[in-house]
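One structure is given below, encoded as structure tokens.
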Amino acid sequence: MLPKLLHFYLFLTLAAGFIIGVIVASYTLSQGFVGVDLGIHDTQFTNSTSDDLSSAAWNESLVIEPSIEPATPDLASVAWNESLGFGEVLYVSMPDRTDRQDAMTLAASMSGLKLKLINGVVGESISVKAVPDNNANKWTLRLTELGCWRAHADAWRYLIDSNIETALIIEDDIDWDKNVHRIFQDLSSQMQNNTLRLVPPTEHEQTSAPYGLDWDVLIMGQCYDTAHPKRLDLVHIYDDPNVPSRKDTEEVFLKQMESLGVKGNDVGKKRLISPAYGPICTMGYAITRRGAQRLLLNLSYLNLRGPVDMDMMWNLQEGKIRGYSVTPPPFTAWRTGGQKDSDNKHDPKLPVSVKGNGGGWSSNIKSSARIAMINELAMNNWMDYTKKATPPESEKQTGKENNEKQTGKGNNEKQTGKGSNEKQTGKGNNGKQTGQGNNGERKGNGTKGS
């Protein structure tokens, strides 16, 4: 009896093992097919032009969606961010010019920009030992010029100390076009296809540098400029719907544009990029990390031969730094008249302001962001209430409507003089009353006011 039971249990054990084996084999086989399927997905995903998708993006939708476009064509759209596609936007302002800081904060907020303040420097505060050498003895620097240089050098140093590749540096007394993002998107696209480059763009530039990195300075806020007289062939011209008209463009830029081939009907339609050679003023310019290093080397460590904008121009002309000029410039001076247009010490004999910001002006731009800002924020609250016009039946009246009790009531009520056509102390529906009905002129709280 016992051997038979052992045989029976052995048979059951073998049968259970066989069944379990079949189940495991089937499961393994099904997973094999799934693996093949995932292999197909993997192949299609690998062929995508994007290498940065996270693992969370692995799903069925990747198989049926069209291939992702390369990063380069869309790189110019970065100009719509709060730094116009640069690492940061820095603005230089003297600590006591809170009026200008208010203006820059307001204008930037209306244009979708974010600015970082770089404090201006009082020339008297700079130690004699901290003043760069001036072996060339080209210029005897005034204290105001020395302070201006130090503030810009601090901006260059900020870039070097940070983890950004480029910075846009502007001063606190400027204006720009209300369509600034569109202007810089177009500029970015042109810089990516710049025919003036000496070397092809690197893979990093093609994917991560909206304006390229083949320059040290990008001049965009000059008050004067000239092109290299022997290299007028070096120019990149492109269409820009936000270029100022001829009458809104200063003569110096009209002459520069004409020398580089933009004249006649092209003025007011074309903007151009050329190798920077003779720019004056530092109202707006961008720098790369290598540019910041070269500026700090040549305009601080080695020497400082003059005002910061003049020495920058000399370095460009000598070929010690590389740059491009954008003409007409996207940044320009905002002027109100009087001493507020300068950071020099106050002269009690001269007016502080002539026209004020409400009457200020700027040149070389098509649509002033500062003027647009005033118009966009303007309102007349009480006129808006008047236009809304509350319906008469909800208004409070000295005399109530037709069917209410009056000094003289309507046609069917007891009156001092009865009947619809009789003389009444207060008349019927259409008569003049101290407070009248629907159609009469009245005093009180209605649409004309009290």
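Any read-out appearing in this document is the output of simple, stated calculations on the displayed coordinates, not a laboratory observation. Note that this is a predicted model, so its numbers are computed, not measured. Here Cβ is always computed from backbone atoms with ideal geometry, including for glycine, and neighbour counts include all displayed protein chains.
See the values below:
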quantity: Ascending count of other beta-carbon atoms within 10 Å, so fewest first, for 246, 290; calculated: 246, 290
quantity: Sites residue 367 and residue 233, calculated FRET efficiency, Cβ-Cβ separation with R0 35 Å, nearest 0.05; calculated: 0.60
quantity: Residues 349, 116, sorted so that the one with the fewest Cβ neighbours within 10 Å comes first; calculated: 349, 116
quantity: Local net charge near residue 286, Cβ-Cβ under 12 Å (Lys/Arg +1, Asp/Glu -1); calculated: -2
quantity: Per-residue ³J(HN,Hα) for the stretch 179-188, Karplus 6.51 cos²θ - 1.76 cosθ + 1.60, θ = phi - 60°, Hz, x for Gly and Pro; calculated: 9, 4, 5, 5, 4, 6, 5, 5, 4, 4
quantity: Equivalent-ellipsoid semi-axes of the stretch 181-244, from the Cα gyration tensor, Å, largest first; calculated: 20, 17, 11
quantity: Globularity ratio of the stretch 233-287, using Cα Rg and 2.2 N^0.38 Å; calculated: 1.13
quantity: At R0 = 41 Å, FRET efficiency that the Cβ-Cβ distance of residue 251 and residue 378 yields, to 0.05; calculated: 0.80
quantity: Per-selection metrics, the stretch 84-160 (Cα): Rg and Dmax in Å; calculated: 15.0, 46
quantity: Spin-label pair residue 207/residue 302, simplified geometry with 7 Å Cα→Cβ offset, distance in nm; calculated: 3.5
quantity: Peptides ranked, highest mean first, by Cβ atoms within 10 Å: ranges 196-204, 295-303, 329-337; calculated: 329-337, 295-303, 196-204
quantity: Two-decimal log10 I(q)/I(0) for the stretch 313-378, as the Debye equation yields it once each C-alpha is a single scatterer, q = 0.19, 0.29 Å⁻¹; calculated: -0.86, -1.20
quantity: Taking the stretch 196-276 and dividing mean pair separation by its residue count, relative contact order in percent (alpha carbons under 8 Å, at least six apart); calculated: 38
quantity: Electrostatic dipole magnitude of the stretch 222-379 [Cβ: Lys, Arg +1; Asp, Glu -1; Cα centre; debye, to 20]; calculated: 200
quantity: Fewest-first sequence of 148, 223 by Cβ atoms within 10 Å of each Cβ; calculated: 223, 148
quantity: Whole-Å semi-axes of the ellipsoid equivalent to the stretch 73-377 (Cα gyration tensor, √5λ, descending); calculated: 27, 25, 20
quantity: The stretch 223-347 - Debye-derived log10 I(q)/I(0), Cα point model, q = 0.10, 0.13, 0.15, 0.17 Å⁻¹; calculated: -0.37, -0.61, -0.79, -0.95
quantity: Zero-based 10 Å bins, Cα pair distances in the stretch 143-200, whole percents; calculated: 16, 31, 39, 14, 0
quantity: Mean separation of Cα contacts under 8 Å (6+ apart) over length of the stretch 73-377, as relative contact order %; calculated: 24
quantity: Among the listed pairs 230/263; 116/349; 255/340; 230/366; 269/340, those beyond 24 Å (Cα-Cα); calculated: 116/349; 255/340; 230/366; 269/340
